[in-house]
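What follows is a set of notes on a single structure, which appears directly below.
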Amino acid sequence: MTPAAFKRTLRHAVPPKDAAPGLQALWWAKKGDWDRAHRVVMDETGRDAAWVHAYPHRVEGDDGNARYWYTQARRGFAKVSLEAEWDEIVATLL
């Protein structure tokens, strides 16, 4: 699936069934359901999962918690817009 195709799935009521948890979390975050996005990713492990985990904390404005997760992902705190970061994470995970 391409990033553009993934974005088109936002028209649906649920994320694609074959989407990995990180992508599901980003899907819910983009739909405005921060809590669900966080629940999907909170038990995932690895650097990519930590990056995804940082994103909803950044969305909610909890920079301290986001910084912790960016550190776990071995990334600096994002300096781009939320939209640009979402696009970058989606493209990386796909």
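Based on this model, can you work out whether A54 counts as modelled with pLDDT of 95 or more and of a type in the set (A, V, I, L, M, F, W, C)?
yes
So in segment 53-70, with the set limited to residues that are of a type in the set (S, T, Y) and within 17 Å of G22 (Cα to Cα), which one is surrounded by the most Cβ atoms within 10 Å (Cβ to Cβ)? Working first, answer last.
First, pick out the residues of segment 53-70 that are of a type in the set (S, T, Y): 55, 68, 70.
If we keep only those that are within 17 Å of G22 (Cα to Cα) too, we end up with 55, 70.
On the way: Y55: 28, Y70: 21.
Checking each candidate, the answer is Y55.
Suppose we filter segment 39-52 for residues that are open to solvent by 10 Å² or more (accessible area, probe 1.4 Å), of a type outside the set (K, R) and free of Cβ contacts under 8 Å to residues at least 40 places away in the same chain; how many remain? Give the steps one after another, and end with the answer.
The first filter runs over segment 39-52 and keeps only residues open to solvent by 10 Å² or more (accessible area, probe 1.4 Å), leaving 39-40, 42-49.
Subsequent filtering for residues that are of a type outside the set (K, R) retains 40, 42-46, 48-49.
Next, from what is left, pick out any that are free of Cβ contacts under 8 Å to residues at least 40 places away in the same chain: 40, 42-46, 49.
Number satisfying all stated conditions: 7.
State the number of residues belonging to segment 80-94 that are closer than 18 Å to D62 by Cα, in a helix (DSSP H, G or I) and open to solvent by less than 70 Å² (accessible area, probe 1.4 Å). First the steps, then the outcome.
Going residue by residue through segment 80-94, those that are closer than 18 Å to D62 by Cα are 80-83, 85-86.
This time we only want the ones that are in a helix (DSSP H, G or I), so: 82-83, 85-86.
If we keep only those that are open to solvent by less than 70 Å² (accessible area, probe 1.4 Å) as well, we get 82, 85-86.
Total meeting the criteria: 3.
Identify, by number, the condition in (1) at pLDDT 95 or above; (2) at negative phi; (3) open to solvent by 10 Å² or more (accessible area, probe 1.4 Å) that R74 doesn't meet.
Condition not satisfied by R74: (2).
Sort out which residues of segment 16-32 are open to solvent by 20 Å² or more (accessible area, probe 1.4 Å), within 13 Å of the chain's Cα centre (by Cα) and without any contact (Cβ under 8 Å) to a residue 40 or more places away in the chain, and write them in order of number.
Across segment 16-32, the qualifying residues are P21, Q24, W28, K31, G32.
The values are calculated or read from the model by the stated rules, or taken from the named source; none is laboratory data. Quantities reported herein were computed from a predicted structural model and do not represent experimental measurements. Every residue, glycine among them, receives a Cβ derived from its backbone with ideal geometry; neighbour counts consider all protein chains shown. All accessible areas refer to the heavy atoms of the entire protein, side chains included, with ligands and DNA or RNA removed. Shrake-Rupley method; radii C 1.70, N 1.55, O 1.52, S 1.80 Å.
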